[in-house]
Each structure stands twice: as C-alpha cells, then as structure tokens.
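Everything below concerns the one structure shown next.
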Number of protein chains: 2
Amino acid sequence: MIRTHYSTQITPEMDGSSVTICGWAHEIRDLGGITFLIVRDREGLAQVTLFKKTIDKNVLDIVRGLSRESVVAVTGQVKKEAKAPNGYELVPMSVTVLGKAESPLPMDTTGKVDADLDTRLDVRFMDMRRPGTKAIFRIRHLVLKSVREFLDREGFIEIITPKIVATATEGGTALFPMTYFEREAFLNQSPQLFKQLMMSGGFDRVFEIGPIFRAEEHDTRKHLNEAISIDTEASFLDHEDVMVILENLIVYVYSNVAERGTEYLKTLGMELKIPDLPFKRITYDEAVDIVRDSGEQIEWGDDLTTESEHTIGKTIGEHYFIVDWPTKIKPFYALPYENKPEICRAFDLMHPRMELSSGAQRVHSYELLRSRIEEQGLYADGFDFYLKAFRYGMPPHSGWGLGLERLIMTMLGIENIREVVLFPRDRRRLSP
Amino acid sequence: MIRTHYSTQITPEMDGSSVTICGWAHEIRDLGGITFLIVRDREGLAQVTLFKKTIDKNVLDIVRGLSRESVVAVTGQVKKEAKAPNGYELVPMSVTVLGKAESPLPMDTTGKVDADLDTRLDVRFMDMRRPGTKAIFRIRHLVLKSVREFLDREGFIEIITPKIVATATEGGTALFPMTYFEREAFLNQSPQLFKQLMMSGGFDRVFEIGPIFRAEEHDTRKHLNEAISIDTEASFLDHEDVMVILENLIVYVYSNVAERGTEYLKTLGMELKIPDLPFKRITYDEAVDIVRDSGEQIEWGDDLTTESEHTIGKTIGEHYFIVDWPTKIKPFYALPYENKPEICRAFDLMHPRMELSSGAQRVHSYELLRSRIEEQGLYADGFDFYLKAFRYGMPPHSGWGLGLERLIMTMLGIENIREVVLFPRDRRRLSP
C-alpha cells in the first residue's frame with residue numbers, strides 16, 4: 001500500500017511525523033520562493049509546501065512540471081500550519097507522478113466553469129471529481145446502507161430474482177425484448193411476481209434492491225429506462241401495515257443521512273428536514289376534489305397527471321399517501337375492497353414533487369387473481385408459473401416498490417434524476 | 001397485523017396468555033379424543049392441540065377439514081407442554097383459513113419423498129417450504145449482509161452500474177444482444193470497465209453486488225447464465241493488497257455465517273470450518289508443476305482445465321491463490337510485470353472444488369492499455385468511453401470479482417449451483 005493516510009486523517013498534532021498521501025494535483029501555485037501543491041483525495045485536500053531554499057531541486061522540478069489533475073504520491077513531513085486545510089501542511093521528501101493528466105482537461109472540475117449535464121455525463125469520470133457529484137454518491141451509499149439496515153431489523157430477508165424473464169409482469173409498460181438462446185425473453189420491469197412467489201414459499205418478509213428495465217419512450221427529468229427499485233413484500237400484513245413500514249423507512253433514511261452525511265449535505269449547501277410521522281393519508285376521492293378545486297378537469301377513474309400531482313403536492317406540502325384507488329387503473333394484483341370492488345387496497349406514496357412508491361395489499365385468492373388478470377385483457381395462461389403458487393397455500397400479503405433514484409433526488413432537492421445515477425440510461429443515452 | 005408472534009417467539013413461560021400465530025398446516029393428526037395441528041411459520045413449528053371434550057365444535061370441524069399446506073391463523077392460549085416443539089402447545093379459541101391448499105400437492109415438502117432438482121425448481125414456491133431450501137436462502141441473506149458490512153468498514157463505497165451497455169467488456173465471453181430502442185446493445189457481463197472509471201473519478205474504493213449475464217452455452221453444475229458478482233476496485237493498492245482484502249472477506253463471511261447462522265447450518269446438517277489466514281499462494285508455474293506431476297498434460301500458457309483445478313485442489317486441500325499468470329490468457333486490463341511481461345499481476349482465488357474469484361492489478365497507463373486491447377484482437381476505438389478515463393489522471397488500481405453463488409455453494413458443500421439461486425437461469429431454464 002502506497003498511502004499511509006487520507007488527507008483528512010492527518011492532524012496538526014502529528015507535527016514532525018512522516019506520511020504518504022495519494023491523490024490528484026488539484027492546484028499548483030508557484031510564488032517563486034514558495035510553491036504550493038494542493039493534493040485532493042477522496043476525503044479532502046492537503047497542502048504540500050515547497051520552500052525553494054531548502055527543497056530538493058528534483059522534487060521542485062517534478063511539482064513545477066506537474067499538469068493539473070495528474071495523480072501523485074507525496075511523502076513528506078507533517079508541519080502544523082493553521083492557515084492550511086485541516087491545520088497542517090506537508091513538506092515533501094518525494095513526489096512521484098503515478099498518472100499523468102493530459103491538457104486541456106475535457107471538463108473543468110473546480111466548479112468555476114459550469115458544464116451542462118450532457119457534457120458532464122459524457123465524461124462522468126471527470127464530473128465525479130467535483131465535490132457536489134461526489135457528495136451525491138456518498139449519500140447514495142448511505143441511503144442504500146440505511147435501507148438495508150432498517151429492513152434487516154424489521155425481519156426482511158434480502159432476495160435476488162432474475163432480470164431475464166419469459167413473461168411481462170403487468171402488461172401496459174413497454175418491455176425490452178431480447179433473445180435468450182433460441183427463445184424470446186424480456187428484461188424484467190419489476191420483481192413483483194417473484195416476490196409474491198416468496199410469500200407462497202413462506203419467506204414471510206422479503207426485500208430486493210435491484211435494477212428494473214422499462215422501454216418507455218418518454219424523455220423527462222424523472223424517468224429512466226434502467227432504474228433501481230427497492231421492493232418489499234410481507235405476509236399477514238395489509239396495505240395499512242406496509243404503509244407504516246414504508247413511512248418509517250423514509251424517516252429512518254432521512255435521519256441517517258442527516259446524521260452520518262452531514263459533511264456531504266454541507267457540500268451540497270443544504271439542510272435536511274426530516275419528515276414528520278405519520279405521513280398524511282388522503283383518499284383518491286379527496287385527491288380528485290383538490291384537483292377539481294384548483295380548476296383542473298379530472299374524471300373519477302382517471303389516473304393523476306403530473307400537473308394534478310403538483311397541484312396536490314402544493315396543497316399538502318409534505319410527504320403523503322393517496323389510498324383507495326380505482327381498481328381499474330391499478331395492476332391486477334391490487335386487492336379490491338370486498339364491499340366496494342370499484343376501489344382497491346392500493347396506495348401511492350407521494351413527495352410533493354412526484355410519486356415515490358406504489359403498493360397494495362395483493363389479491364391472494366387464485367380465482368379472483370385469475371379473473372383480474374383476464375379483466376385487464378392479459379392472457380392468464382401466460383402467468384401459469386405465478387398463478388400456480390396461489391393454489392397451494394398463499395397467505396394474504398402486501399408490499400410496495402420504492403424508486404431509489406426518486407427517493408434521493410427528492411431528498412436532496414435535485415431537479416434531474418440523471419444527477420443521482422452514475423451512468424444513466426435514457427432514450428438517447430447508452431454510454432458510458 | 002394478524003400475527004402477534006412467530007412460533008419461536010412463544011415460550012413456556014407465557015403459559016396462560018393469548019397469542020395469534022400464522023402459518024401453514026404442516027401436519028394434522030386426528031387421534032379421536034385429541035387432534036393435533038402442527039403449524040409451520042418462517043421460524044419454526046407450533047403445536048395446536050384440540051381436546052375433543054372441551055373444544056368448540058366449529059373450531060374442531062375447521063381443523064378436521066383442513067388440507068395440508070393450507071394457510072391458517074390460530075388464536076389460542078399458551079399452555080406449557082414439555083413434549084411439544086419449543087415446550088408449549090396452543091389451545092385454540094379460533095382457527096381461520098386464510099389460504100386453502102388444493103390436493104394433491106405438486107411436491108412433497110416434508111423431505112420424506114425425494115424430488116429431483118428440476119421438479120423442485122419448477123415449483124420453487126413449494127420447494128422453499130422445505131427446511132433445507134429455506135436454510136440456504138437464510139444463509140444467502142447472511143452472506144450478503146456480511147459482505148456489505150466488511151466492505152463498508154474497509155472504506156468501500158457501494159455503486160450500481162448499468163446492466164445495458166453498448167460495448168462488450170472483455171471480448172471472448174458470449175453476450176446476450178438486445179435492442180435498445182433503435183440501437184444494438186448488450187447485457188453487461190461484468191462491471192469491470194465501470195468500476196475502473198470510478199477509480200479515475202477518485203472514488204478510491206468501490207464495490208458492486210449485482211447481476212452479470214453470460215450467454216455461454218455450457219450446461220454444468222457450476223455455471224449460470226445470470227449470476228451475481230461481488231466486485232471491488234481500489235486505488236493505490238496492488239494485487240497483493242487486494243488479495244489480503246479478499247481472503248479477509250472470505251474469513252469474515254464464514255465466521256459470520258458460523259456465528260449468526262448456527263440454526264441454518266444445523267438444518268443442513270453441517271459444521272462450518274473457517275479457513276485459516278493467510279491463504280496459501282502458489283504461482284502459475286507451481287500449479288503447472290503439480291498438474292504435470294499428476295501425469296496430466298499441460299503446456300505453459302494453457303489455461304487450467306477443470307480436471308487440473310481438481311488435481312491442484314486435492315493437493316492443497318484448502319483455499320489458495322494462483323498468482324503470476326501468463327499475460328496472454330488473462331484479460332487486457334491485467335498488468336504485465338515490467339521486468340517479465342509474459343506474466344502478469346493477476347490472481348485467481350480457488351476453493352479446492354473450483355475458482356471463486358479473479359483479480360489483478362490493472363493496467364493504468366493509457367498507452368499500454370490501448371496496445372493490450374489491440375494485442376487481444378479487440379477494436380480499441382470501441383472502448384473510447386473507457387480509454388478516455390486513463391488520459392486525465394488515472395491512479396494505479398487493483399480489484400477482483402467474486403462469484404456469490406460459488407462462494408455459497410463451496411461454503412455449504414452444495415453440488416449444484418442452482419440450489420443456491422432462487423430462480424436460476426441456464427441454457428434450458430427461463431421460468432419461473
């Protein structure tokens with residue numbers, strides 16, 4: 001190992017000791033008698049100070065010849081220096097160039113010059129060096145970790161289900177077709193059917209965090225063709241039970257990011273407001289009323305448009321659930337109320353800006369499920385592998401799917417979903 | 001929530017209290033004056049005892065009419081009973097059928113009748129109810145959790161990279177082609193190129209746990225067409241540094257499974273031997289010698305056959321690394337030794353039964369990388385998005401990919417890789 005310390009692990013108290021740091025030549029300032037090299041590593045910045053009078057000439061020549069963003073290893077002595085980042089500077093014994101950077105750079109990484117998102121995504125490896133981009137993906141790691149912590153403690157078992165499938169999950173959504181050896185197959189749009197199979201299998205509570213694929217043509221700031229879905233399914237719970245799990249998860253994630261991600265939030269210039277529990281619940285009917293009150297047209301049974309979502313979001317102003325949806329606009333597996341089958345035990349979790357999650361208590365009767373599939377114009381025999389699991393002891397169960405990217409972008413107040421994905425895939429972008 | 005307790009959360013000390021359990025009718029024994037219903041939930045078994053003299057006739061009728069593997073909720077009083085599982089029985093006030101099972105069942109779940117793997121995989125939702133299958137996937141959860149714990153503590157950041165890509169990663173391996181809107185694309189066979197981009201981006205240490213797709217035709221007990229790869233990449237470390245991380249990870253996972261998975265290991269009838277650190281290292285040349293000593297033919301520069309791997313595995317008898325591989329049989333990104341470029345800084349981590357992981361220090365010089373790509377007969381311009389990242393400050397870096405399924409099957413002494421995947425995908429199987 002070349003490095004002995006990250007820049008932020010060195011303290012003024014280490015004055016006199018010898019260390020090696022590794023990182024990028026962030027800035028080089030040559031003032032004649034004194035030359036400063038600012039080295040940037042993952043955790044922060046370190047100032048390397050070369051005094052012309054005392055420095056080894058070879059070392060000075062290396063630093064003077066350094067191009068910005070080259071990778072270096074610096075071995076030097078720690079010197080307490082109140083004016084430098086972290087309160088110390090390094091007086092180098094040696095500077096080694098490990099990876100030379102060509103000039104000009106394909107993108108400015110100091111934040112002084114604004115680049116548009118497309119340019120940034122084209123050279124994402126440069127964009128990642130910007131503090132803001134780095135902060136987003138440090139937070140993304142924290143979010144993933146917090147979600148797993150929470151679900152593990154709640155007794156959920158992590159599962160991984162296939163992404164190559166023979167059957168479309170829900171109909172409706174466009175799928176990416178592919179050839180699986182000599183057969184037709186698809187990229188899975190949701191682990192829905194598989195996580196329900198786990199309920200028949202007695203796994204009781206499961207979750208999956210994995211890619212979903214949707215071949216939808218729309219090109220908006222909140223859709224991706226490859227996204228990450230956080231999916232759960234739980235037996236012997238109804239939709240209200242899993243809504244409580246979901247709202248608690250959201251608050252747990254926000255709290256964790258606020259607590260463990262302080263530094264990254266600061267980089268992004270934001271303070272995180274942790275949502276209050278419980279989230280407000282409104283019915284679909286109440287949602288329709290709010291939309292109509294605002295003067296927009298909506299028929300009972302219509303899905304909410306983006307515009308309607310914004311209207312309701314502005315009225316409520318915080319996270320909320322919409323419950324009791326019309327059965328006909330929800331997937332076949334949402335359970336209709338027995339006494340009022342035109343509405344169902346489905347819910348959407350909404351952020352004022354957009355939908356984050358959809359869930360429901362599921363149909364667990366084989367007969368009802370089969371007829372619901374047919375009512376939605378799908379071919380029931382194509383779901384044989386799934387329907388079978390409902391004939392030999394299927395418990396009542398409920399679950400939801402939560403979009404990871406939307407969770408992060410709404411949490412951080414980010415406008416474009418592509419900002420929170422390392423290498424996004426959309427209608428036009430397939431590279432890098 | 002219907003359930004108040006899992007079967008194993010009820011103790012004899014709760015004698016007299018009222019509880020509700022939910023699960024599957026595992027067994028029904030009617031002895032005339034007394035009827036036993038054994039209810040199975042995720043955590044274990046509970047005995048429900050119906051005394052004919054005192055029981056509500058409706059409750060008795062429900063239990064007598066129950067088909068095996070139907071789902072029930074039982075509310076009853078806890079009664080201390082040394083002879084019952086967990087030292088208690090339930091005297092039911094009510095039994096509700098939540099999901100009726102048809103007869104005959106598509107598969108025996110008691111373990112009394114052996115079913116072949118294909119049948120089990122066809123009705124995986126039934127197979128999951130068997131204690132052995134359930135134990136494997138409980139352990140799989142523990143493995144995933146332990147891997148993330150270990151890597152997080154070692155400073156690795158979790159990343160997720162795209163599964164739909166425009167370029168083949170390594171050449172050689174067969175890819176699944178697909179159509180991405182109007183363009184040709186592939187399912188990614190490895191996150192290799194992306195995790196290297198993260199090194200240029202300054203993320204220093206990253207990991208990904210996700211699906212990889214290989215359209216290989218072979219149909220063996222250790223290959224899948226969709227598998228899960230645990231991938232890491234780290235800057236300023238050489239291959240020997242990341243071998244140490246890898247062997248420590250393996251031992252951490254084994255230790256955790258031994259400690260937290262005792263019950264599941266017991267179900268599988270096994271004791272877990274934790275490998276000793278450090279793992280043995282042999283060079284490729286030494287591996288060739290062992291193979292030749294056993295009388296097998298091998299030319300220097302040949303890859304090891306399965307037979308050769310077994311020969312070496314038997315000789316060494318525990319986990320081991322093979323280092324210093326011929327450059328020509330490793331991918332273009334493996335770094336050749338400067339003073340002996342015919343061998344490279346690549347390693348394989350082997351279990352005596354099979355290869356678990358491959359890794360290397362990577363080429364980080366743009367010029368060398370470009371010529372290595374061309375030497376391997378690949379079209380360098382197709383790698384432009386990747387090569388670019390080496391021109392603007394790429395640190396030296398190393399990493400490895402570890403097969404999750406192989407880790408689990410070798411740990412648990414399981415013969416067929418399909419046993420450790422919920423819904424495997426192979427040459428013939430695309431469903432469920």
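The values are calculated or read from the model by the stated rules, or taken from the named source; none is laboratory data. Worth saying up front: this structure is predicted, and the values here are computed from it rather than measured. A quick note on method: Cβ atoms are made from the backbone with ideal geometry, for glycine too, and the neighbour counts reach across all protein chains shown.
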Query raised in the report: Filter segment B:229-266 for residues that are among the hydroxyl-bearing types (Ser, Thr, Tyr) and within 18 Å of the chain's Cα centre (by Cα); which is nearest to A:Glu43 (Cα to Cα)?
Result: B:Thr232
Query raised in the report: Could we say that A:Ala115 is under 25 Å from A:Thr267 (Cβ atoms) and small (Gly, Ala, Ser) here?
Result: yes
Query raised in the report: Is it true that some residue in segment A:138-157 is hydroxyl-bearing (Ser, Thr, Tyr), buried (at least 20 other Cβ atoms within 10 Å of the Cβ) and out of contact with any Phe, Trp or Tyr (no Cβ under 7 Å at 6 or more places or on another chain)?
Result: no
Report summary line: Among A:Leu121, A:Leu98, A:Leu66, A:Leu105, the single one that is within 14 Å of another protein chain (Cβ to nearest Cβ), within 37 Å of the chain's Cα centre (by Cα) and in a strand (DSSP E or B) is A:Leu98
**Report entry** strands (runs of 3 or more DSSP E) contained entirely in segment B:331-432, each with at least 1 residues that are among the aromatic types (Phe, Trp, Tyr) and more than 14 Å from chain A (Cβ to nearest Cβ)
**Finding:** B:340-351, B:397-403
Requested in this report: Return yes when A:Lys273 is part of a loop (DSSP other than H, G, I, E, B), assigned by TED's automatic domain parsing to the domain that holds A:Glu375 and surrounded by fewer than 20 Cβ atoms within 10 Å (Cβ to Cβ) and no when it is not.
Outcome: yes
Report summary line: Within segment A:124-142, residues part of a helix (DSSP H, G or I) and either without any contact (Cβ under 8 Å) to a residue 60 or more places away in the chain or at the interface with another protein chain (Cβ under 10 Å from one of its Cβ atoms) (or both) come out as A:Arg124, A:Phe125, A:Met126, A:Asp127, A:Thr133, A:Lys134, A:Phe137, A:Arg138, A:Arg140, A:His141, A:Leu142
Query raised in the report: Of these, A:Ala73, A:Ala82, which one is in a strand (DSSP E or B) and either assigned by TED's automatic domain parsing to the domain that holds A:Glu405 or closer than 21 Å to A:Ile28 by Cα (or both)?
Result: A:Ala73
Report task. Hey, could you check segment B:108-118 for residues that are surrounded by fewer than 20 Cβ atoms within 10 Å (Cβ to Cβ) and assigned to a loop (DSSP other than H, G, I, E, B) and say which is nearest to the other protein chains (Cβ to nearest Cβ)? Result -> B:Asp108
Query raised in the report: Do we have any residue at all in segment A:181-196 that's within 7 Å of chain B (Cβ to nearest Cβ), of a type in the set (A, V, I, L, M, F, W, C), under 20 Å from B:Met178 (Cα atoms) and free of Cβ contacts under 8 Å to residues at least 12 places away in the same chain?
Result: yes
Query raised in the report: What number of residues within segment A:85-95 satisfy the criterion of being more than 35 Å from the chain's Cα centre (by Cα) and farther than 11 Å from A:Ser18 by Cβ?
Result: 3
Report summary line: B:Ser358: passes all of (1) farther than 27 Å from B:Phe390 by Cα; (2) in contact with an Asp or Glu (Cβ under 6 Å, 6 or more places away or on another chain) but (1)
Report summary line: Of the residues in segment A:1-27 that are of a type outside the set (Ser, Thr, Tyr) and in a strand (DSSP E or B), the one that is farthest from the chain's Cα centre (by Cα) is A:Val19
Query raised in the report: So which residues in segment B:124-145 are within 16 Å of the chain's Cα centre (by Cα) and over 28 Å from B:Leu249 (Cα atoms)?
Result: B:Met128
Query raised in the report: How many residues are surrounded by 18 or more Cβ atoms within 10 Å (Cβ to Cβ) and not small (Gly, Ala, Ser) if we restrict to segment B:76-90?
Result: 4
Query - Sole residue being in contact with an Asp or Glu (Cβ under 6 Å, 6 or more places away or on another chain) and either within 14 Å of chain B (Cβ to nearest Cβ) or under 17 Å from A:Ala101 (Cβ atoms) (or both), chosen from A:Thr20, A:Thr8, A:Thr4, A:Thr49 - result: A:Thr8
Query raised in the report: Among the residues of segment B:28-63, which ones are in contact with a helix residue (DSSP H, G or I) (Cβ under 8 Å, 6 or more places away or on another chain), assigned to a loop (DSSP other than H, G, I, E, B) and acidic (Asp, Glu)?
Result: B:Asp41, B:Glu43
Query raised in the report: Taking segment B:307-330, which residues are assigned to a strand (DSSP E or B) and farther than 21 Å from B:Ser190 by Cα?
Result: B:Tyr320, B:Phe321, B:Ile322, B:Val323, B:Asp324, B:Pro326
Query raised in the report: Taking segment A:233-266 only, how many residues are hydroxyl-bearing (Ser, Thr, Tyr), away from every other protein chain (no Cβ under 14 Å) and crowded, with 17+ Cβ neighbours inside 10 Å?
Result: 2
Query raised in the report: Would it be correct to say that B:Glu309 is of a type in the set (D, E, K, R), modelled with pLDDT of 95 or more, under 21 Å from A:Ile2 (Cα atoms) and surrounded by fewer than 23 Cβ atoms within 10 Å (Cβ to Cβ)?
Result: no
Report summary line: B:Ala346 fails exactly one of (1) modelled with pLDDT under 95; (2) closer than 21 Å to B:Ile230 by Cα; (3) of a type outside the set (Asp, Glu), namely (1)
